[in-house]
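Trainee: Dropping a structure here in C-alpha cells format, bear with me for questions.
The values are calculated or read from the model by the stated rules, or taken from the named source; none is laboratory data. No experiment lies behind these values; they were computed from the predicted model shown. Note that each Cβ is placed from the backbone with ideal geometry, even for glycine, and that neighbours are counted across all protein chains shown. When the accessible area is computed, the model is the full protein with side chains, heavy atoms only, and any ligands, DNA or RNA have been set aside. Shrake-Rupley method; radii C 1.70, N 1.55, O 1.52, S 1.80 Å.
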Number of protein chains: 2
Amino acid sequence: MSDTAAFEAGSLAALWAARYREGVAPGALPDEAMLRHLMAHRSVRAYRPDPLPEGVLEGAMAAGQSASTSSNLQVWSVVAVEDAERRARLSELAGGQAHIRQAPLFLAWLVDLSRLARLGARLSHATEGLDYLETFLVGVVDAALAAQNAAAFFEAQGLGIVYIGGLRNHPEQVARELRLPDRCMAVFGMCVGYPDMARPAAIKPRLAQAVVLHRECYDVSGEDAAVGRYDGIDEAFQREQGLAPRAWSDAMVRRVAGPQSLNGRDRLREALGALGFALR
Amino acid sequence: MSDTAAFEAGSLAALWAARYREGVAPGALPDEAMLRHLMAHRSVRAYRPDPLPEGVLEGAMAAGQSASTSSNLQVWSVVAVEDAERRARLSELAGGQAHIRQAPLFLAWLVDLSRLARLGARLSHATEGLDYLETFLVGVVDAALAAQNAAAFFEAQGLGIVYIGGLRNHPEQVARELRLPDRCMAVFGMCVGYPDMARPAAIKPRLAQAVVLHRECYDVSGEDAAVGRYDGIDEAFQREQGLAPRAWSDAMVRRVAGPQSLNGRDRLREALGALGFALR
C-alpha cells in the first residue's frame, strides 16, 4: 500500500502498515484519534509560503509549556524566526537546507540556563549547579518534550514540521544570529508551514517494536533477524522514494564512522564551552 | 477556578486559565481537541494498581517510534518494567519515589548507542562517532521526542504519567538492574497507570509565554515583571495544593545552587564515562 493511501485512509491499520510494514495494529483503543495523529507524522521538507493562521504559534507554545519540565525549572526557550533574511542565514548555518528558507516559520529551540543565571544574579545567590552536565541535560530533555508537544499540535492543525539538527553545525554563529545570552544554546530547529502537496512527504518505516522495546531487562535476542528484515524494508522505502537503495545498518554505521561524518558537530563540546556551558 | 473544574469542563479557555492564570486562549483553531489533550497534562504521582489494557503499550511504542529521529538513527530504546520487585528497587535508586512502586508500569527510556556499536562490530566498520557528545545528544533528544509522543498517547487513553529524572541519581546501578549493555543509559523514567482520583493531580501553572517565546532574537525586556507575576501565581498554586508557599525564582535558584543540590547528579559525567560514553 502506498503511503499516500495510508494518509488518505487515515485508518490505524493503514498507518501501522506504512510505519512498520509488518505486524498489525493493536485492537480496540478508547481514543484512537490521538494515535492516528501521532503515527501520521512525516518530516516535511517542501512547504507553501502561506503564513500560519493567527493564534497557532501561541497554541503551540501552550502545548509545549504544558509538557513536563524537571522540578518546574523551565530551562528552555524558543526563538521564532519569520524574517526571510534571517531564515536564509540560518539555512546556510544549518548546511544549506532549502526548507528553512521556504517554510514561513522557523523555531530555534533553546536549552536556556541563562534565565536562572539572571535570577541568581538578581537574588545574589550562587547558581554553580548550572555548570553541570546534569543541568544542561535537563534543558535538552525539557526542550525536546516541549518541542514534540508543539509538533503534535502543529500537525493537528494541518501544518507540517521538520526538525533541524543542523542547527548544531555552528552553535556559536547561530547564537550570535539570534543574540543568545551566555548559557543559552539552540539545540535543534524546527521548520513549520503548510506542506507542498505537489511534493508529498512519506511515512518512514521504523525498526520493529521488538528491537526497541525490552521487557524487564535489555535483551538483544532476535535483534539480528529483525534488523535484517528492516534493512530490506528500508531499502524498499528508499527505492519507492527514488533515493539510492542502501542497507539501513550500513548507512547508519557510516553516519557514526568517526568525527569526519558528524558535519562539524565533533566540536560540539568545545562550542558549548564557548557558549558558557562548563558541562562538569 | 479550580483545576478539577478545568479538567471536567475541558474547555480550552478553562485549561488556559489553569495553565497560565493570565491572558486568554487563542480564538478558533481547526483542531482544538489536540491542544486540549496536551494542555490537560498533569504529572500523576498517585496511581491505582490496575494494569494497562492490552495493546496500549504497543500503541505507545508506535506513537514513540513515529516521532522524528535524527537521520533515522533510532538511537533510543525502552525497558518496560512490570515486575513489582524490580520497580521497588528502581524506586529506591530514584530517591524512594513511591509512585514507581505503585504504578503498574515503569518505562526506562534509554539513550542507546549500543545497537549501532553492535552493527559496527558485525559489519567490521569503525563507529568512533559514538564517542562524541553530539551522538549522545541525538540519543537524548530522540528518546525525549519518542517519550513525549508516548505520554500524549497514554494520556489520551485516560492513563496518567510522570517523568522520573531521579533515574539519573545512580546511573550505573540502574544500568545493572536493567542489564544494559555498554553505551546504553537510562536518561529518564516514566510511571504509567490509572490516576487515583482520590488524590487528583493539578495542572501546574507555567511562566507567561512572553518569557519563553522570543521573536526574531532573544529578548529579556519584560522578563523581570513577568517573573514577578509568576512568583505570585506559583505561590498561590503551592498554597492551593497545601504545599509550603515559596517564590518560584527563589526555589529554582536554590535547586541549582551547587553540586550539593543536584541529588548526586553532579557526578553524571563520571557515571556516563563508566557506562561507555566518552562524550568527546
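Trainee: Considering only residues that are open to solvent by 20 Å² or more (accessible area, probe 1.4 Å), within 8 Å of another protein chain (Cβ to nearest Cβ) and in a strand (DSSP E or B), which ones fall in segment A:161-212?
Mentor: Within segment A:161-212, A:Tyr163 is the sole residue that qualifies.
Trainee: Considering only segment A:261-274, state which residues are under 22 Å from the mean Cα position of the chain (by Cα) and open to solvent by less than 70 Å² (accessible area, probe 1.4 Å).
Mentor: Once the filter is applied, which keeps residues that are under 22 Å from the mean Cα position of the chain (by Cα) and open to solvent by less than 70 Å² (accessible area, probe 1.4 Å), segment A:261-274 yields A:Ser261, A:Leu262, A:Gly264, A:Arg265, A:Asp266, A:Leu268, A:Ala271, A:Leu272.
Trainee: Another question about this same structure. Would you confirm, using the coordinates I've provided, whether B:Ala14 is within 21 Å of A:Gly64 (Cα to Cα), in a helix (DSSP H, G or I) and modelled with pLDDT under 95? Explain how you work it out, then say what you get.
Mentor: Numbers: within 21 Å of A:Gly64 (Cα to Cα): yes; in a helix (DSSP H, G or I): yes; modelled with pLDDT under 95: yes.
Here the answer is yes, as B:Ala14 does meet what is asked.
Trainee: Just checking, how many residues over segment A:253-270 are assigned to a helix (DSSP H, G or I) and in contact (Cβ under 8 Å) with a residue 40 or more places away in the chain?
Mentor: So the answer is 2.
Trainee: Among the residues of segment A:217-226, what is the count of those that are open to solvent by less than 40 Å² (accessible area, probe 1.4 Å) and facing another protein chain (nearest Cβ under 10 Å)?
Mentor: 3
Trainee: Look at segment A:119-138 and say how many of its residues are part of a helix (DSSP H, G or I) and either more than 7 Å from chain B (Cβ to nearest Cβ) or of a type in the set (A, V, I, L, M) (or both).
Mentor: Looking only at that region, the number is 9.
Trainee: Only residues that are closer than 27 Å to B:Ala202 by Cα, surrounded by fewer than 16 Cβ atoms within 10 Å (Cβ to Cβ) and small (Gly, Ala, Ser): list them for segment B:227-260, please.
Mentor: B:Gly228, B:Gly232, B:Ala236, B:Gly242, B:Ala244
Trainee: Moving to a separate point now. What single numbered condition from (1) closer than 26 Å to B:Arg269 by Cβ; (2) more than 8 Å from chain A (Cβ to nearest Cβ) fails to hold for B:Leu116?
Mentor: Failing condition for B:Leu116: (2).
Trainee: Still on this structure, I have one more. Taking segment B:35-67, which residues are over 30 Å from A:Glu22 (Cβ atoms) and among the hydrophobic types (A, V, I, L, M, F, W, C)?
Mentor: Correct list: B:Leu35, B:Leu38, B:Met39, B:Ala40, B:Val44, B:Ala46.
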